[in-house]
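The next block holds one structure in the form of structure tokens; read it before the comments.
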Amino acid sequence: MALFEMKFQPGVNKQDTGVGATDRWVDSDNVRWRYGLAEKVGGWASLLTDTIHGVARRQLAFTDLEGNRYVGIGTDKFLLIYFEGALYDITPFRTNSSGTQITFGASTITTNSTAPGTSITITTGSAHGLEIGDIVALESVTMPTGSGINKNNIEYTSTDKQVCQVISVPSNVTFTITSPTAETAGGGSDLTSGSACIVSPYQRVGPSEQSYGYGFGIGDYGGTVTGSESNQLDGALNADTAGTGGAGTAVTVDSTTGFPSTGTIAVGTVPTAELITYTAINATNFQNITRGALGTATPGTSNGQAHLDNTALQNATKWTNWGDAVNATTVTLEPGLWSLSNWGQVLVATIANGKTYTWNSGVSGDTKFTTRASMNTTSYVTAISSGDGNPTASRFTLISPTTRHLVHFGTETTLGDSSSQDDMFLRFSDINAINTFAPEADNSAGDQRLQDGTKLMGAIVAKENILVWTDNALYTMKYVGAPYTFEFEQVGTNCGLIGQNACCEIDGVAYWLSNNGFFSFDGTVNSLPCVVEDYVFDDFATTKGQQVYAGINNLFTEVVWYYPSSSASYNDRYVVFNYGESGRQPGGIWYTGVNTNSIRTTFIDATIYPKPHATQFNSSSAGTFPDVVGASGLGQTVYFEHEVGTDQLNPDNTVTTLTSFATSFDFPINTQQGAGEYFLAMRRFLPDFKTLTGTAKVIVGVKNYPSESMTDSTYSPFSVTSSSTKFDTRARGRYANIKIENEGSGEDWRYGTFQVDVQADGRR
């Protein structure tokens, strides 16, 4: 019989059935299409021997004025700099609204004798506001005499940036860390030092993943509480209107630091806590109180409950009572995100819903690597602090590249007042002055509130303007000069952005992922035809949209979105749109992948570096950088350079095999009587690879009916090398397909055009 060419159209079609996806590939992993041909993707190699604590959420590559290259990396715990094969920790210390670093003087350090080596308890002179999982630097440490624990194993110095993770918070003035070694001379008693240390907390970023929920009583039984502020009563509280130490209308506590000026406190333990509203704060008093709010008074009375001295309390301003319908915004907890931009050689870093910091790469020598990102003045850049009337709470920021305005999105309506944060409100600085936000007659600072949507979701710099997304719409933000500075125009609706990092731009076209599909903007909003859309959205944890990361791989004209499947906590899927190959196929060229080796949380294009950089996260492994004493539950991020070799080169120089496959549609025999009427007999095939290194496996699958699953033919799989000429198959069925794959290290392949001996072989 004559030989037939097995030509398949580029890309994957998952919208149709295996039989209906005529002339297409229907599944793939770690495969791309180039010049119409399927090929295994390039490998990746670790750029570091260290691995990073936490999950990376943002990358930015930039240069200083001398052309030195840097990458800013923001994780859920840290802000890091990658430079010439090394990492540097520049995470800002916790600051007040004016940018001043917050420190606590600790009065005692107590080592644990009953469980040696388990923990060290540190007592602070005032309420510390720490939470489990926080990172702290301990300086000027004095260990208890006779403990045998070397302070150098927990102490932070300018040269040894060793920090500790908080493992428990027994009270508002105590916390514990992991002891690096066991106490050696306790004599059965805890040992305490007379003078302890200085505690400098790291700025808190946010959780490692996004959580979300609907319904009734979604939190603790009795209600839910949001807000990190906590403290305790200063004196017992009677079950009446008056509080001990108050004047009949007040409650006295150890400290009111961090609590809003008006709100609600929960005294005691959920679900039996008493809710107390207040309208004013004076020193350590909550004033103008109302006891027993929302039915939490002593049963049978209209007053409150009785509470002992030192009873814990917390901010409960956003309380939802048991049985009340829970608003979605109440139970959505976004992951710890950064937005990173560069103001020339200065890195501008904003924590989502928090403060903005700068780090200057232009500082001479290595001093810059021992200097943390800060809100205060550094060389070449003015301070970003509320003292200059600047925002202290914003969803994200961006630098306008031509005018050098710093734009705060989802920020404060009242400068310096974080409680006035409005998710749809934005502010922009004066031109070329990233610390001047108050609008004046002689500057170009200003603000704008967008209307279509509930929150600003993301922004990128495009060809002629800034593109700004809400959760429902797309706006353009174009510089027009005085008196308005920027002009805003809504250019699309029902096309909102699913996550802050789910958008990208290349060659004047923006691409993004919405809750309802894929879109592009080239002056007009376009819905991207997508032949894998149902596959993506049928198994997509859209409630974790803030974890989606869109990247450009311009070396192969690819836009890739990494996203979490419905059963995953972190990104474990990817979908690719090949914009360079899209002209070869109506609906564009799309492909997908699920290989765990390819999980990525960030991805940046080859711009100042010759190859793309990406981060891979593993929640079950532990990182090594920075040096965190007692690190627990942070996970591990590996920093890779892509398109290197054929496999995965790990930080320890071991190799993980990069497997790949592509599967064709289920093809029948076409006769005058129709497709599928006759059984087909595939007698042999002649392999044809454009390139082939090592071995590629070819599997011939067969089935009799469209609804059946494919089974491997009798002689499958066939091991193909560069010297292979033909293979006898003896495969029989109504439908057949072929699958190309590799399973070994060092293997690489690019499909050509197979020739197949197929003939009709009876009917049933």
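Derivation of every value follows stated rules applied to the coordinates shown; laboratory data play no part. These numbers were taken from a predicted model, which means no experiment stands behind them. With ideal geometry, Cβ positions are generated from the backbone for all residues, glycine too; neighbour counts draw on all protein chains shown.
Here are a few things to note about the model shown:
- Per the Kirkwood formula applied to alpha carbons, the range 46-186 shows a radius of gyration over Rh ratio, Rg over Rh, of 1.03.
- Full extension of the chain between Thr493 and Thr367 gives 40.5 nm of extra length, using 0.36 nm per residue less the Cα-Cα distance.
- Leading residue at positive end of dipole, the chain (Cβ point charges), from Val407, Tyr549, Met424: Tyr549
- Taking amide H positions as modeled 1.01 Å from N, with prolines and chain starts lacking one, the residues under 5 Å from Arg395 and 5 or more places away or on another chain are Asn353, Phe409, Gly410, Thr411.
- Excluding same-chain neighbours fewer than eight residues apart, the lysines reachable from Lys726 by a Cα-Cα span under 18 Å are Lys7, Lys690, Lys697, Lys739.
- Charge dipole of the chain about the Cα centre (unit charges at C-beta), most positive-ward option of Gly263, Val41, Cys164: Val41
- Full-stretch length increase - Arg69, Ser722 - with 0.36 nm per residue and alpha-carbon distance subtracted: 231.0 nm
- Cα gyration tensor shape for the range 396-446, rounded if a/c is under 1.5, else prolate or oblate: oblate
- Restricting attention to the chain, close to 95% of DSSP beta bridges with both partner residues there are antiparallel.
- The chain, dipole about Cα centre (Lys/Arg Cβ +1, Asp/Glu Cβ -1), debye to the nearest 20: 1400
- Listed by chain and number, the lysines whose alpha-carbon sits under 28 Å from that of Lys455, ignoring those within fewer than 8 places in the same chain, are Lys77, Lys318, Lys355, Lys463, Lys478, Lys544.
- Approximate spin-label separation Ala760-Asn96, in nm, with each point projected 7 Å along Cα-to-Cβ: 8.9
- Label zone (Glu131, point 7 Å along Cα-to-C-beta; backbone nitrogen cut-off 13 Å) within the range 51-80: 77.
- Fewest neighbouring Cβ atoms within 10 Å first, the residues Thr657, Thr637 line up as Thr657, Thr637.
- Calculated on alpha-carbon atoms, Rg and Dmax of the chain in Å: 30.3, 102
- Estimated inter-spin distance, Asp627 and Tyr609, nm [label 7 Å along Cα→Cβ]: 2.5
- Across the options Ser527, Pro144, Asn472, the greatest Cα extent toward the positive end of the charge dipole of the chain (unit charges at beta carbon of Lys, Arg, Asp, Glu) belongs to Ser527.
- Per-residue [θ]222 nm for the chain (sum of -39500 (n - 2.57) over DSSP H runs n ≥ 4, rounded to 500): -500 deg cm²/dmol
- Kirkwood-type radius of the range 448-571, with distances r between different C-alpha atoms, in Å: 15.0
- Label separation (Ala115 vs Ser211): 2.2 nm, computed from points 7 Å beyond Cα along the C-beta direction.
- Loop-located GluC sites (Glu not before Pro) in the range 3-67 whose Cβ has at most 12 other Cβ within 10 Å (DSSP): Glu66
- Kirkwood Rh, angstrom, the range 430-511 [1 / mean 1/r, Cα pairs]: 13.7
- With neighbour counts taken as other beta-carbon atoms within 10 Å, the residues Ser724, Ser189 rank, fewest first, as Ser189, Ser724.
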